[in-house]
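Here is the structure we will look at, set down as structure tokens.
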Amino acid sequence: MSEDPENVEKMEGDSAKPDRMFTLKKWNAVAMWSWDVECDTCAICRVQVMDACLRCQAESKRDFYGKQDCVVVWGECNHSFHYCCMSLWVKQNNRCPLCQQEWSIQRMGK
Amino acid sequence: MLKEKGQVKFEEKWPYMRPVVLKLLKQEPVSQPEWQELFYSVHLVCLWDEKGPAKIRDHLHEDIVQFIKQAQVRVLAQREEQALLKAYIAEWRKFFTQCNYLPTPFRQLESALQGKSASGTASVQASGTKKNQHDDSIVRKLMLDSWNESIFSDIKHRLQDSAMKLVQAERNGEAFDSQLVIGVRESYVNLCSNTEDKMQIYRENFEAAYIQSTETFYRLKAPEQLTINGVQAYMKYADNKLREEEARAQRYLEAGSNGVIQCCVKVLVGNALSAILAECAPLIRGGETDRLHLMFRLLERVPDGVLPMLRELESHITSAGLADMVAAADIITQDSEKYVERLLELFRKFSGLVKDAFSDDPRFLTARDKAFKTVVNDTTVFRLELGTGKNSGTKVVAPESKCPELLANYCDMLLRRTPLSKRLTSEEIELRLRDVLLVLKYVANKDVFMRYHKAHLTRRLILDASADSEKEEDMVEWLREVGMPADYVNKLARMFQDIKVSEDLNGQFRASTARHDAINIKILNAGAWARGSERVTVSLPLELEDYIPEIEEFYKKKHSGRKLQWYHHMSNGTITFANSVGRFDLDVTTFQMAVLFAWNQRPLERISYENLRLATELPDAELRRTLWSLVAFPKLKRQLLLFQPTASAPKDFMEHTVFWINQDFALVKNGKLQKRGKINLIGRLQLSTERSQLEDNQSIVQLRILRTQEAIIKILKMRKRISNGALQAELVDILKNMFLPSKKMIKEQLEWLIEHKYMKRDDDDINTFIYMA
């Protein structure tokens, strides 16, 4: 909007004649990460897995900063949930809430 | 014992007692033996003579009445009013003092008369049995009642008239002895022997007469003042007189006598109400705070008197505010800073008025707030059209104020490195941000602000363009404080966290690779940052493309279970451009980079639009936009890219339009060519593609629909059944920090939820809803 093109700054003097017309000096690359999941909602708390689970959201109102991320966990059945949600779930029922297979962790998000 | 009665008769003792009683009444000296003898005589008579006590009472009564009659004659002998009052007060004071002494010797009478229920009169008994205190003693009551009956009833009118004439004289500015009026009042108060209502005689006679004479006085004076001196002076007059009368009432009336002030208010203010109110609007227009304050003080005394003032204030602020906006429409629709500052100036002006003229009275603050809301949410100067998108048909949603968008723009100017933020001190910026939050309070569609604010924040963070990162985070907390929805504020906070995490990650990446440090990576949480999952294809220059697998490999080692999506439309960088004139550093978007690098292999060639598309693989709209930013960058005297044939807009580029690098490109400063320099060609970083920008406003509406449904279900889940009215009220309360749901939308969403069996209408009452699990 108001970047002023006339506001010219002296650039650092480097005398080496470049062999190309345009040379890269700096690149700010932007990417977004998301959990590599098939379903983007946690079936247990019904919150998107990219967001912290309900429980963590309620707690994080106080100390949002410095809190551990609310990560995702995948079972052998390839279904995924918030780790917080699943660790409470298996205390009652050691089966995947979606496919009823016995729950065992395949991998954890990091 | 009973047999011995009759040994001492009343008739034997009374001749000795009577002279002492008379002396006491006349306040003549009584010797100690006489005084003691009186006690003893009363005692003996009460003890031995069965009918003694009643006889004492009767004879006492006779003597008292006799004495009072003489006093009356003395008082009435005075012709002149002041002298009459003076005489009366003197007699009364004497008599009243004796009321405290005379009853003492006769105290035994009380119990004696009480014991003999047959001989005592009913009224004496009634008062005697209740309390046996000094104040209520039979003799005292006898004395006061006698005074009341014989002297007071006869001359009270003369007394009152004289007293009122004195008060009148004072009103007319003549000095006199206020003790006279006070003395009369005291006699009225003390005279009363009614224990239930000690003020009875005072209220029914003295106060009534006082009110009457006051009313008569002002009924004559007030209209006269109004016609002679006009309303302005009259208000001052009325205010003064009310204060005067309050002070006077305090002097001459008992505490708690409000009648006279109410009467004054009625006559002085109530009767002139329409004349006073007619002045209200002109005074508000003129900003005459002193006079308005005076008017406020007067009207506040009348029931509902300030209501018309509230209406005047609200309509004036509304119309003045809107007129101001319309008059400055040309500037403010273009310039967020001017708009917000104009608005704030307006707010300050009227808040000042409410403070000075109405002492920040809550009712006036509410009227002010209502008016501010109208001004802020008005759509005559500019409007924001929110379409609903395809899925809801082509319904047109009522246009909304653009205010939240402009507020967000203004915030951006304060928080980004701009000429404005450079000019201001940290405190000034904070003050202005607080002002924005103040205005935001009145905005109905806060969700629009949130969306724009987040977009601006995204740009600042990605371009590293914040003026002060501390202030950025303060602002997030302030938004939380003013009640912005927690999930929204948390996402903003999350964005700052992400930037910090990315900085660490970047440091680690640079340490892990032998490559030069031209790369800076930001890998962000899609949940907090992303707006939809759009993807723009672009064929990156090799220099950039090479980094991608390396970064992905590195990231995979750090994290697992994550997938990355490159947002090249947000990426940007700096390139060095060398031509015959000099060398220039250009800040560019990655898309601009992709286009420009196409010339690296053939610096002097002309490349057609078609070939550029093949080289960059950019979608048509994005390529046109990117090219346009290179051939027609605002304020640039010599453009980087030249083209043929001419076009006046991006859409005019044709397949065979050719582009070439301007080998004479240079920066021009103060009319001089610069051989070196740095220029930013990024402009406003685009956060989304052209297509999704159109969808942006539609998604606001979509989100509102979801929020409304969500809130309705939330309420019903809690209440189980609820009336339509209560539901609407709760709904507005839940949603007001995001937007104001329209009646129409609420109705539509209710119907939708009923149709989808989330809830139903009560069979007996169509206006009651029931939750269905």
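Shielding by partners for peptide B:670-679, expressed as the average number of C-beta atoms from other protein chains within 10 Å of each residue's C-beta, is 3. Note on B:Asp304 and B:Ile182: with the Förster distance fixed at 41 Å, the Cβ-Cβ geometry gives a FRET efficiency of about 0.70.
Working from label points 7 Å from Cα in the Cα-to-Cβ sense, the A:Glu102 to B:Ser560 distance is 2.2 nm. Ligands, DNA and RNA excluded, the heavy atoms of B:Phe217 present near 20 Å² of accessible surface to a 1.4 Å solvent probe.
Each of B:Leu322, B:His43, B:Phe769 was scored by the projection of its Cα onto the charge dipole of the protein assembly as shown, and the greatest displacement toward the positive side belongs to B:Phe769; charges sit on the C-beta of Lys, Arg, Asp and Glu.
Placing a label point 7 Å from the Cα of B:Arg602 along the Cα-to-Cβ direction, the residues of the range B:617-643 with a backbone N closer than 17 Å are B:617, B:642-643. In this simple spin-label approximation, B:Asp356 and B:Lys370 carry label points 7 Å from Cα along the Cα→Cβ vector, and these lie 2.5 nm apart.
When accessible surface is computed with a 1.4 Å probe, chains B and A are found to bury approximately 6100 Å² between them, both chains counted.
Ligands, DNA and RNA excluded, the heavy atoms of B:His316 present near 30 Å² of accessible surface to a 1.4 Å solvent probe.
Inter-chain Cβ neighbour count for B:580-589, averaged per residue, equals 2 (cutoff 10 Å, partner chain atoms only).
Using the Cβ-Cβ distance between B:Ala281 and B:Lys635 with R0 set to 45 Å, the FRET efficiency from 1/(1 + (r/R0)^6) comes to roughly 0.40.
Against the criterion of solvent-accessible heavy-atom surface with a 1.4 angstrom probe, B:His43, B:His656 sort, most first, into B:His656, B:His43.
Antiparallel versus total DSSP beta bridges in the range B:543-692: what percent is that, nearest 5? Write down the numbers at each step before the final one.
Details: 16 of 21 bridges.
Percent antiparallel among DSSP bridges in the range B:543-692 is about 75.
Dipole magnitude for chain B: computed about the Cα centre from +1 point charges on Lys and Arg Cβ and -1 point charges on Asp and Glu Cβ, it is near 1040 debye. Put a dot 7 Å past the Cα of B:Gln232, heading toward its Cβ, do the same for B:Arg719, and the two dots end up 5.3 nm apart.
Taken about its Cα centre, the protein assembly as shown carries a charge dipole of roughly 540 debye when the Cβ of each Lys and Arg holds +1 and the Cβ of each Asp and Glu holds -1.
For B:Val501, B:Val231, give me the order by solvent-accessible area with a 1.4 Å probe, most accessible first, ignoring ligands, DNA and RNA. Could you put the intermediate results ahead of the total?
Working: B:Val501 85, B:Val231 30 Å².
The ranking, largest first, comes out as B:Val501, B:Val231.
Since only B:His453, B:Tyr442, A:Thr41 are under comparison, the one whose Cα sits farthest along the positive direction of the charge dipole of the protein assembly as shown, derived from C-beta charges on Lys, Arg, Asp and Glu, is A:Thr41. Multiplying the residue separation of B:Leu431 and B:Lys675 by 0.36 nm and removing their Cα-Cα distance gives an extension gain of 83.7 nm.
Of B:Arg494, B:Arg285, A:Arg95, the order by accessible heavy-atom surface (1.4 Å probe, DNA, RNA and ligands excluded), from most exposed downward, is B:Arg285, A:Arg95, B:Arg494. B:Asp762 exposes around 30 Å² of accessible area when a 1.4 Å probe is run over every protein chain in place.
Over the range B:636-773, accessible surface divided per residue gives 56 Å², non-protein components excluded, 1.4 Å probe.
Principal axis extents of the Cα atoms in the protein assembly as shown, from largest to smallest and rounded to whole angstrom, are 148, 77, 57. When a 1.4 Å probe is rolled over the protein heavy atoms, the share of accessible surface on the protein assembly as shown that falls to carbon and sulfur comes to 51 percent.
Calculate the mean, over all residues of peptide B:560-571, of how many other protein chain Cβ atoms lie within 10 angstrom of the residue's Cβ.
Working: counts 7, 15, 9, 7, 5, 5, 4, 4, 3, 1, 5, 5.
The per-residue average across the peptide is 6.
Here the protein assembly as shown carries DSSP beta bridges of which approximately 80% are antiparallel, counting only pairs with both residues inside. Centre-to-centre, using Cα atoms only, the range B:265-336 and the range B:567-625 are separated by 61 Å. Along the charge dipole of the protein assembly as shown, pointing to its positive end and built from +1/-1 on Cβ of Lys, Arg, Asp and Glu, which listed residue (B:Phe95, B:Pro549, B:Tyr567) has its Cα farthest out? Farthest along the dipole direction, towards plus: B:Pro549.
The values are calculated or read from the model by the stated rules, or taken from the named source; none is laboratory data. Every value quoted in this text rests on a predicted model; they were computed, and no experiment measured them. Quick reminder, even Gly has a Cβ in these numbers, built from the backbone with ideal geometry, and neighbours come from all protein chains shown. Ligands, DNA and RNA are stripped out before the accessible areas are found, and what is left, the full protein with its side chains, is counted by its heavy atoms. Shrake-Rupley method; radii C 1.70, N 1.55, O 1.52, S 1.80 Å.
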